[in-house]
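A.B. asks: Starting off with a structure, shown below.
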Amino acid sequence: MKPVCLVIGAGAGIGGTVGKRFAKEGFHAVLCRRSNEEGLKKLVAEIRDDGGDATGFLLNAVKEDTIEERVKQVEAEIGPIEVVIFNLGAQVGNRSLEETTYKIFELGWRMATLALFRIASVACPLMETRGKGTMLVTSSTAAVRGNAGQHSHAAAMGGRRMLCQSLNAQYASKGIHIAHIVIDGSVDAPDTLGKMLGPEKFQQLRESKGMEHDGLMLPEKIADTYFHLHQQHRSVWTHELDLRSFSDLAWWNH
Ligand SMILES: NC(=O)c1ccc[n+]([C@@H]2O[C@H](COP(=O)([O-])OP(=O)(O)OC[C@H]3O[C@@H](n4cnc5c(N)ncnc54)[C@H](OP(=O)(O)O)[C@@H]3O)[C@@H](O)[C@H]2O)c1
């Protein structure tokens with residue numbers, strides 16, 4: 001039975017590409033995403049066509065019990081979850097304080113922080129019984145810097161970061177490696193940034209900044225880093241890192 005790499009938030013960008021990478025390395029990739037069934041099937045088919053094992057589920061991480069039920073099912077029917085990639089974003093758009101309703105603020109927190117707490121609550125104890133596991137948590141600049149229009153996003157992602165630190169404090173010594181990964185810039189991700197910008201603007205951005213310019217972060221290259229993190233020797237675990245293109249200024253410089 002292959003170990004499982006469970007991806008929560010598996011689009012064609014970071015989530016699905018990291019799943020593919022782990023499948024190539026001998027994991028059964030279990031890909032979960034909210035709504036795009038066609039995209040999910042495509043990712044699963046690509047992994048299988050490449051000789052890997054993959055299963056896809058539609059799952060809305062903010063709905064009660066969805067994560068908990070899925071973890072139980074995967075452990076019972078597919079295999080032991082050795083790696084969790086927690087990848088869903090919590091972007092609720094650029095909103096002034098007046099435009100940020102209580103409901104919107106809470107939604108950001110549900111996606112960024114509570115959903116991570118829920119997956120950790122079910123996966124960490126399982127990993128603990130096996131004495132090993134990796135949880136790689138994708139995050140964003142908003143986790144380390146607040147900004148006008150980012151009241152919900154920054155508070156929620158800051159919470160994600162602190163939760164990773166607290167989880168590490170409890171679980172690292174038990175063999176569970178948790179890394180908080182700040183994605184500090186734009187990713188060549190059609191299902192998130194691509195949808196936010198619309199096809200025309202996204203293509204313009206890819207042509208002016210991405211492709212051979214390497215100014216958009218490439219999901220395949222991010223996936224290399226995720227796999228490396230999983231393989232790190234426990235005497236030198238990375239607990240937090242940031243990734244950005246060579247041509248972007250770091251978050252603390254602008
Ligand atoms: N893209 C960027 O430029 C960028 C920049 C900075 C940080 N990040 C971080 O990168 C991560 C996302 O990676 P990505 O942009 O490359 O996207 P991706 O992996 O291509 O896609 C993420 C997927 O998450 C799914 N998702 C959203 N809300 C969900 C929910 N409530 N339950 C389950 N699944 C949900 C969506 O599925 P459906 O499509 O099926 O709805 C989406 O396709 C986030 O943590 C984000 O903060 C991205």
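A.B. asks: Taking only segment 222-244 into account, find how many residues are more than 11 Å from the ligand (Cβ to nearest atom) and within 23 Å of residue 91 (Cα to Cα).
C.D. replies: Matching residues across segment 222-244 total 3.
A.B. asks: Any residue in segment 83-103 that's closer than 29 Å to residue 70 by Cα and more than 9 Å from the ligand (Cβ to nearest atom): show its pairings with residues that are assigned to a loop (DSSP other than H, G, I, E, B) and hydrophobic (A, V, I, L, M, F, W, C) at Cβ separation under 7 Å, as long as the two are six or more apart or on different chains.
C.D. replies: What qualifies is 83/27.
A.B. asks: If you scan segment 11-37, which residues turn out to be within 6 Å of the ligand (Cβ to nearest atom) and either over 14 Å from the mean Cα position of the chain (by Cα) or of a type in the set (A, V, I, L, M) (or both)?
C.D. replies: Correct list: 12, 14, 35, 36.
A.B. asks: Now a separate question. If we only count helices (runs of 4 or more DSSP H) wholly inside segment 111-221, which ones have 1 or more residues that are over 22 Å from residue 36 (Cβ atoms), touching a residue at least 24 places away in the same chain (Cβ under 8 Å) and in contact with a strand residue (DSSP E or B) (Cβ under 8 Å, 6 or more places away or on another chain)?
C.D. replies: 115-130, 151-171
A.B. asks: Would you call residue 66 buried (at least 18 other Cβ atoms within 10 Å of the Cβ), away from the ligand (no atom under 13 Å from the Cβ) and of a type in the set (Ser, Thr, Tyr)?
C.D. replies: no
A.B. asks: Please find, within segment 116-129, the residue that is nearest to residue 179 (Cα to Cα) out of those that are surrounded by fewer than 14 Cβ atoms within 10 Å (Cβ to Cβ) and over 19 Å from the mean Cα position of the chain (by Cα).
C.D. replies: 125
A.B. asks: Collect the residues in segment 50-63 that are more than 17 Å from residue 34 (Cβ to Cβ) and either surrounded by fewer than 17 Cβ atoms within 10 Å (Cβ to Cβ) or touching a residue at least 40 places away in the same chain (Cβ under 8 Å) (or both), keeping them in residue-number order.
C.D. replies: Result: 50, 51, 53.
A.B. asks: Going through segment 176-211 one residue at a time, which ones are in contact with a helix residue (DSSP H, G or I) (Cβ under 7 Å, 6 or more places away or on another chain), near the ligand (Cβ under 9 Å from one of its atoms) and of a type in the set (A, V, I, L, M)?
C.D. replies: 182, 187, 189, 193
Here, each number is a calculation from the coordinates, and none is a lab measurement. From a predicted model like this one, the values you see are computed outputs, not experimental measurements. Positions of Cβ are generated from backbone atoms using ideal geometry, with glycine treated the same way; all protein chains shown enter the neighbour counts.
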